[in-house]
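The values are calculated or read from the model by the stated rules, or taken from the named source; none is laboratory data. Since this is a predicted model, take the numbers as computed values, not measurements. Glycine also receives a Cβ, built like all others from the backbone with ideal geometry; neighbour counts cover every protein chain displayed. For the accessible areas, the whole protein counts, side chains as well, though only heavy atoms, and no ligand, DNA or RNA atoms are used. Shrake-Rupley method; radii C 1.70, N 1.55, O 1.52, S 1.80 Å.
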Amino acid sequence: MSGNDEVVSEAQIAVHWREEELFYPPTRFVGQANASDPAILERFSEDNFPECFKEYGDLLEWDHYWHTTLDTSNPPFWKWFVGGKLNASYNCVDRHLKRDRNKAAIVWVPELEEDDTVILTYQELYQRVNEMAAMLRDFCGLKAGDRVTLHLPMVPELPITMLACARLGVVHSEVFAGFSGAACGGRIHDSGSRVLITIDGYYRNGELLDHKEKADEALAVAKSEGSEVEQVLVWRRNPGKYASNTPMVAGRDVFVDELLQSYKHQVVAPVSMPAEAPLFLMYTSGSTGKPKGCQHSTGGYLSYVTGTAKYYQDIHPEDTYWCLADIGWITGHSYIVYGPLSLGTTTVMYEGVPTYPDAGRVWRIAERLGVTIFHTAPTTIRMLRKLGPEEPKKYNYHFKHMTTVGEPIEPEVWRWYHDVVGKNEAVVVDTWWQTENGGFLGSTLPGIQPMKPGSCGPGVLGVFPVVLDEEGNEVEAGSGRAGNICIRNPWPGILQTIYGQPDRFVQVYYEKYCRDKNSKDWRDWPYFAGDGAMKAADGYFRILGRVDDVINVAGHRLGTKELESASLTVPEVAEAAAVPVIDEIRGRVVEMYVSLKPGLSPSKEISDKVAAAIEVEIGKIARPKNVWIVPDMPKTRSGKIMRRVIAGISNFTDPGDLTTLANAEVVEGIRHSVQSEKLAKGDVPRELSPQEVAEIQSYGHAD
Ligand code: WTA
């Protein structure tokens, strides 16, 4: 570590990996793969960019064909399939009716094991989407371009509502159900929604949670920011039985199941939308300010998720595909709803917790439904491995294909996934991408490119990643050095903008490496992903994690600024800093450090208030593991909190050089009190890898 404030960026630190062995796909998989001829790599080579993406566009049905595949006239606001018109709901539902109306589109598994599985055929899905669309149009008066906020958990009503919106060209903005009412309220305001669609309750860990109460909180927050919601549509988890303790507000709240009776058998013609019309917003956390509303397009996005689901998930119409993510995240939008349904396959949704009521649940579902393709995140894999390492062997399921997404996966966890969950007979794809990207960016083509534990693989078809140093020079493949991973070219799934904040969009993703702001050549506009990565000699990327102030907890992006401002809503708190702590199961967890206003003394009550404030402002997923009240934060002479020092304390690593601190004397006291309490609780991290140590030691360099 260098001796001044301008520490070497995390991304530049040399990391020494053990190169992992390659795994080749089973012959049986290759024999049936959607992509088994390497000629596809040639078709999607840089020479054929951007026209190669015609192949993805052609997987959809268009009302009008496009005239320009990629329009780069206003960088970096790329436009794909310009002149084309289509409807996403039509492509995910109607077009399958002719051949497959009686086939299961969605299989929904409720959390309680004794409850019946719900199967929606394509015909039933069509009916329900149409009725809902009729209601949104006629009761709510919604029309193409309007935004609607959804705050729905993993129930079939969520994809039904999304597809009903898409049918009308209404832009849905789904907020993960685990987010708090306040977090939902902020997103309602930002998106300018005047309708909120929610549900009374849903099951988590065997308990029917009250969810409707969050709607009132959301509306209050939206109102305080200046947005009035006119209508709250409330689905009921069990139609006819209201499960929430919160009263319905007359004139504002309505039960969807009741109201739908008036729209029975109605059919709504799908609205033909321009390819560049927005399909949905999905909010995500970044390094500064409030969450960003990533705006995704209709034609580009839908083509991209359909193409990547076909070639990387290897979805065939006859597969039973199960992605265990939540639709409240981008993975669920792209790879539970839009990609699989566009390909006309059967997509499985599970309401609850993977380990409820025990660590065998997931494998029982897979066995019973005959799941062939399975998709989940490292956090879930680690948890299932810890709680039931022998469970998969007890069940007679056979996956041909498995995905991992959302966080770096440790090679030994990858091997358990491959050997035990996949029974050595499934291919594994490690898919690297982000909310902003619409679909995969880095992965292996499962029938063609071998797998390497811990590496996502090369750039996907038509996507050309590069690792750059701070000056914008390419970091050589195989150099053993890391840098910032960027994508050299636009691709159809990329976000169009940050909703309502085009300047922020340019600044966050393009400013750092743009070579010429006046250039209309896409080659001058590399996309900055915000992840550190290393490229091996064979062209495979190993993703190291975020280089900005985002902590990835169990695959969920939490902005440190959001955590810190939530803590500052507690009146006693003067200063707050969030740091990541390496965790065996969840990848990273959050610890908060706070200092109090003068004259106040630390108490458990105050630290509980900080944790509660974070739960209120963001949601339970963000709840810190510990809140440490310290007499003073370690600071530079210019008054900046040195987050790497407290991160080092929380992780039991060397906090690094302290000579630039204005108050180095506070460090030892903090270290002593924090670490002795952790030791007493047995809360000590496992031995960290050199790369993890480097991450902690350079944490917060962006300050
Ligand atoms: C991380 C989730 C390593 C990365 C689809 C990225 C990964 C952030 C991987 C985006 C992977 C995602 N290997 N890290 N396969 N996939 N990440 O927006 O840091 O919720 O920037 O999108 O997750 O998270 P997001």
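Some observations on this one:
- 18 Å Cα-Cα reach of LYS400 towards lysines, excluding residues that sit fewer than 8 places from it in its own chain: LYS310, LYS423, LYS452
- Set of aspartates and glutamates with alpha-carbon distance to LYS635 below 15 Å, sequence-local pairs under 8 removed: ASP5, GLU6, GLU575, ASP657, GLU665, GLU668, ASP703
- Kirkwood Rh, angstrom, the range 152-226 [1 / mean 1/r, Cα pairs]: 12.9
- By DSSP, the beta bridges lying fully in the range 340-468 are antiparallel in about 20 percent of cases.
- For the chain, share of DSSP beta bridges that run antiparallel, in % to the nearest 5: 60
- Partners of LYS79 within straight-line reach, counting lysines whose Cα lies under 17 Å from its Cα and excluding those fewer than 8 residues away in the same chain: LYS54, LYS520.
- Remark: the chain carries a charge dipole of roughly 940 debye about the Cα centre, counting +1 on each Lys and Arg Cβ and -1 on each Asp and Glu Cβ.
- Computed on the Cα trace of the chain, the radius of gyration divided by the Kirkwood hydrodynamic radius gives Rg/Rh = 0.95.
- For the range 539-620, with +1 on Lys and Arg beta carbons and -1 on Asp and Glu, the positive-most of VAL579, THR569, ALA613 along the dipole: VAL579
- Selected from LEU259, LEU324, GLY300, residue furthest toward positive end of dipole (the range 237-335; charges at beta carbon): LEU259
- Entries in LYS214/LYS561; LYS214/LYS292; LYS386/LYS561 that, when Cα-Cα distance is taken, lie over 25 Å: LYS386/LYS561
- Net +/- balance of residues flanking TYR513 in space, Cβ distance below 12 Å, scoring K and R +1, D and E -1: -2
- Going by accessible surface with a 1.4 Å probe and the largest first, ARG515, ARG488, ARG643 read ARG515, ARG488, ARG643.
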